[in-house]
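Since the structure comes first, as structure tokens, the remarks are kept for the end.
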């Protein structure tokens, strides 16, 4: 009996250690995919944004509406199709989506100075890393905060769409400030959520689910970073 009682805690500890090791590998994969997506986005945005001919061909014509709304359509389509896609197809879709996002963001090189873009990106990276680390390490349950932030995000999207037609500088400023707060909170919340989802499903050993989960986690953090960066750029960026 004593031998059984000794063996059981050891087995539980070994199982927990395996899950911890798997979690670290899973999060490294999430951040790796997200980083590669960011590189694709940055490269696409710079390639188009530094070419006046391409900028005029896209953003000085009705094509700009297609470019602006394409990432939004793609992310909803991705969420709807992910269960029917293979891991390789989902990963390829994420990379294509990252390029589409870069195309839609190319206009910032025509509006803001290169120094301002670089400084804002660095600031965003530091803030994102700190917030994500908090979400990963905190013992506080952020679920309630997440529900509040999602409702705020819906309102923020609605206000942004309305302001496309109103072109109100005051509303744009308010959206930027609120956007910084919302996406800062979502970064911590999404990191904790990705961590908890892995721990919940890891025992089942479904490698396909874990592969898709890493891609969806990368997409969530990628969107948090992009939107935090854009909110900060609109709020504090120097226009060229």
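The values are calculated or read from the model by the stated rules, or taken from the named source; none is laboratory data. Owing to the predicted nature of the structure, the values given are computational and were not obtained by experimental measurement. Quick reminder, even Gly has a Cβ in these numbers, built from the backbone with ideal geometry, and neighbours come from all protein chains shown.
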* Asked: So, of the residues in region 16-43 that are modelled with pLDDT under 90 and touching a helix residue (DSSP H, G or I) at 6+ places or on another chain (Cβ under 8 Å), which turns out to be farthest from residue 93 (Cα to Cα)?
  -> 19
* Considering every residue within region 151-159, establish whether at least one is out of contact with any strand residue (DSSP E or B) (no Cβ under 8 Å at 6 or more places or on another chain) and in contact (Cβ under 8 Å) with a residue 60 or more places away in the chain. => no
* What is the number of the single condition among (1) farther than 17 Å from residue 101 by Cα; (2) within 24 Å of the chain's Cα centre (by Cα); (3) at pLDDT 90 or above that residue 53 does not meet? -> (2)
* Asked: Somewhere in region 114-133, is a residue more than 15 Å from residue 229 (Cα to Cα) and surrounded by 14 or more Cβ atoms within 10 Å (Cβ to Cβ)?
  -> no
* **Identity of the residue in region 80-113, surrounded by fewer than 20 Cβ atoms within 10 Å (Cβ to Cβ), within 18 Å of the chain's Cα centre (by Cα) and in contact (Cβ under 8 Å) with a residue 60 or more places away in the chain, that ends up nearest to residue 45 (Cα to Cα)** => 91
* Asked: Which residues, counting only those in region 48-63, are part of a helix (DSSP H, G or I), free of Cβ contacts under 8 Å to residues at least 40 places away in the same chain and surrounded by 12 or more Cβ atoms within 10 Å (Cβ to Cβ)?
  -> 57
* Test result for residue 141, loosely packed, with under 15 Cβ neighbours inside 10 Å, closer than 20 Å to residue 221 by Cβ and either touching a helix residue (DSSP H, G or I) at 6+ places or on another chain (Cβ under 9 Å) or without any contact (Cβ under 8 Å) to a residue 12 or more places away in the chain (or both) -> yes
* Can you confirm whether region 119-136 contains a residue that is in contact (Cβ under 8 Å) with a residue 12 or more places away in the chain and more than 18 Å from the chain's Cα centre (by Cα)? => no
* Residue satisfying all of: in region 165-180; within 24 Å of residue 121 (Cβ to Cβ) and over 15 Å from the mean Cα position of the chain (by Cα); surrounded by the fewest Cβ atoms within 10 Å (Cβ to Cβ) among these -> 169
* **Single match in 191, 187 (criterion: assigned to a helix (DSSP H, G or I), within 13 Å of the chain's Cα centre (by Cα), more than 25 Å from residue 45 (Cα to Cα) and at pLDDT 90 or above)** => 191
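Inspect all residues belonging to region 197-208 and state whether any of them is in contact (Cβ under 8 Å) with a residue 12 or more places away in the chain, part of a helix (DSSP H, G or I) and in contact with a strand residue (DSSP E or B) (Cβ under 7 Å, 6 or more places away or on another chain).
no
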